[in-house]
Each structure stands twice: as structure tokens, then as C-alpha cells.
Amino acid sequence: MIQEIAPHVYQNAFCERRPEPADLVCVFEGRKTLLTDQGAFPTVEELRALGEAEENFVYLFSIDETAFFLLWQVSGAVRQALVPTPVTAFRTMEPFHMRLAGATALHLSAWYRANRFCGCCGSPNRRDGAERAMRCPECGNIVYPRINPAVVVALRHNGKLLLTHYADRVMLVRYALVAGFTEIGETLEDTVRREVMEEVGLPVKNVRYHASQPWGFAGNLMVGFWADLEGDDETVTLDTRELNEGVWLRREEIPENHSPIDLTHTMIELFRQGKDPQ
């Protein structure tokens, strides 16, 4: 999965860190990232040569000894020097640990951009110097990075796995699992039961935690669960606003996925190989 970068070490503790020439800079404009001609993050040294001042580099995190910074404001010189690229490029970026870096930087960039002004009084927020937060100097309101918990459910019955297809992703050919966000006042296990019932009309039992995954592309913390069908009625009743297909497949009917980076397809591949918990 995207967070499995060993032997590299991801370090996200907040600090005020001075950028070094070889450190890397993440540059965003909307859902585009600006990369070098080689499809890589530019270095601090390269952006300094374009006139970027030190105060425009905001420390995000480190991987091993390399620090990653966000370019707070994008100048015309940077736009001309770099290549606008869809952020989906992070899914296949090499080396592998850069995928986690890109997705996490995107998550933080989107949060910073959405919280430049106070939601209580409308005053401009400031980056806090003691913790990763945006603080209003007028009313004192503090906003921390938003992380949205969501579940992924691998539902099984009689040697088959329930696979779905999103209704709004007609160009996506891969199957997915039932998934959805946790609501206010709800446990993760209750989210599993509700989402499966809402999306495919099936009751579940034996809900068991599998693993979690940061998914910066959408600002989510994905939490995976295995579950079994309650009873023997496999009839799927689709919520067609969300899905256009729901199908039970046996292990041998599921296409192989050689290197899944997301929790959904990791769990599908485990089932296909017969490595799901019994």
C-alpha cells in the first residue's frame, strides 16, 4: 500500500525547519502539481534560482533525511519553469516512497488553501508556529488538519467476494469494494453495517478490522474491514446514485492486481490469493 515505504522512514512531527538546497518542494495549483521535465519534485535550490524567498517554503514532513516543503505562493517564474501535471501522477511516481509524499503533500496543501480565512469571524488565518494548525489572530479560533474517516468493506459469502463499480466513474474498469464515510455519532463498525445496507441492501455479520491507510488524494483515513453476509440471500439491491454494478465473484474469477497501492485493491488481492482471514 502507499504507506508501505520501508526501509524509508516517514516523519510527520511538526517543526519549523529551514530549507536546505537538496530538499524537495511540492507545488500545487488546484488539482495540478507542478513538476520538473523529468516528472520529479523541484528542489529548493532550483526554486531559489527562480527567485523564491525562504519564507515562501512551508515545511510539511520528511522522508529519511529529505525534507518536503510546500510552496506557499506560486509565481509566474515557477509556472513557466515547471510542468503542470494531474495529481493522479502521484499514484505511479517513482521511486515508490514519492507516492506517499505526493499524496500527503496534496492533502496538506488542500487543507491550507481551504483555511486561509477564519470560519468564525472571517479574518485572515495565520500558520501557527508551535503546531500544525491555522490560528485566527482576531478571535483565537484554531483549525487543525482535517482527516475524514471512511470504511472499506470486503463482504464475503460461500467463497465469493462482493465487488462493485462506481456509477460516476464510467472510464474506470476496475472493481471496488463497498466504501463510505463515517457519520457523526457512529462507530466504524456501525459505518460498515450502514454502508453495506445502503449501497447493496445486504445485512452483515462478523465485522473484523483489517488495516488502515492514509489516503491524501481525498483527505481520508481509510479503514478496512472483513465481513460476512448475514443469511444466505445474496440478492444485491443497488443504490444507483452510488453504484452501477454489484457482483459476487469467486477467487478464480477476480483479475490479478500485481502491485495495489490502495487498501481496497490490497484486500481484493488478498481474497483472490486465499489469504483473507477465515
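The values are calculated or read from the model by the stated rules, or taken from the named source; none is laboratory data. Fair warning: this is a prediction, and the values are worked out from it, not measured in the lab. For neighbour counting, all protein chains shown are included, and Cβ atoms are generated from backbone atoms with ideal geometry for every residue, glycine included. Only protein heavy atoms, including side chains, enter the accessible area calculation; ligands, DNA and RNA are left aside. Shrake-Rupley method; radii C 1.70, N 1.55, O 1.52, S 1.80 Å.
Condition check: surrounded by fewer than 12 Cβ atoms within 10 Å (Cβ to Cβ), in a loop (DSSP other than H, G, I, E, B) and among the hydrophobic types (A, V, I, L, M, F, W, C). Does ALA40 satisfy that? Here the answer is no, as ALA40 does not meet what is asked.
When each of ALA110, ALA103 is tested for being open to solvent by less than 50 Å² (accessible area, probe 1.4 Å), in contact with a Gly (Cβ under 6 Å, 6 or more places away or on another chain) and not in a loop (DSSP other than H, G, I, E, B), the lone residue that passes is ALA103. Within the stretch 255-273, the set of residues being closer than 17 Å to HIS210 by Cβ and either open to solvent by less than 40 Å² (accessible area, probe 1.4 Å) or of a type in the set (Asp, Glu) (or both) comprises ASN257, PRO260, ILE261, ASP262, LEU263, THR264, HIS265, THR266, MET267, ILE268, GLU269, PHE271. For the stretch 131-154, filtering for residues that are loosely packed, with under 15 Cβ neighbours inside 10 Å, touching a residue at least 24 places away in the same chain (Cβ under 8 Å) and hydrophobic (A, V, I, L, M, F, W, C) leaves 1.
In the stretch 212-226, of all residues being among the aliphatic types (A, V, I, L, M) and in a strand (DSSP E or B), the one that is surrounded by the fewest Cβ atoms within 10 Å (Cβ to Cβ) corresponds to LEU221.
Which of the residues belonging to the stretch 10-20 are within 16 Å of GLU54 (Cβ to Cβ) and open to solvent by 60 Å² or more (accessible area, probe 1.4 Å)? Correct list: GLU16, ARG17, ARG18, GLU20. Looking only at the stretch 146-168, how many residues end up being farther than 26 Å from THR104 by Cα and not in a strand (DSSP E or B)? Counting residues in the stretch 146-168 that are farther than 26 Å from THR104 by Cα and not in a strand (DSSP E or B) gives 3. Residue count for the stretch 195-211 under the criterion of being open to solvent by 50 Å² or more (accessible area, probe 1.4 Å) and under 24 Å from PRO145 (Cβ atoms): the result is 1.
Residues of the stretch 47-74 that are in contact (Cβ under 8 Å) with a residue 24 or more places away in the chain, over 23 Å from ARG126 (Cα atoms) and of a type outside the set (Gly, Ala, Ser): LEU47, ARG48, LEU50, ILE63, ASP64, THR66. Against the conditions (1) outside any strand (DSSP E or B); (2) at negative phi; (3) not hydroxyl-bearing (Ser, Thr, Tyr), VAL25 satisfies every one except (1). The residue pairs whose first member lies in the stretch 75-86 and is at negative phi and part of a strand (DSSP E or B), whose second member is open to solvent by 70 Å² or more (accessible area, probe 1.4 Å) and modelled with pLDDT of 95 or more, and whose beta carbons are closer than 6 Å, counting only pairs six or more residues apart or on different chains, are PRO84/LYS32.
Restricting attention to the stretch 228-243, the residues that are open to solvent by 30 Å² or more (accessible area, probe 1.4 Å), at pLDDT below 95 and either closer than 30 Å to GLY102 by Cβ or hydrophobic (A, V, I, L, M, F, W, C) (or both) total 2.
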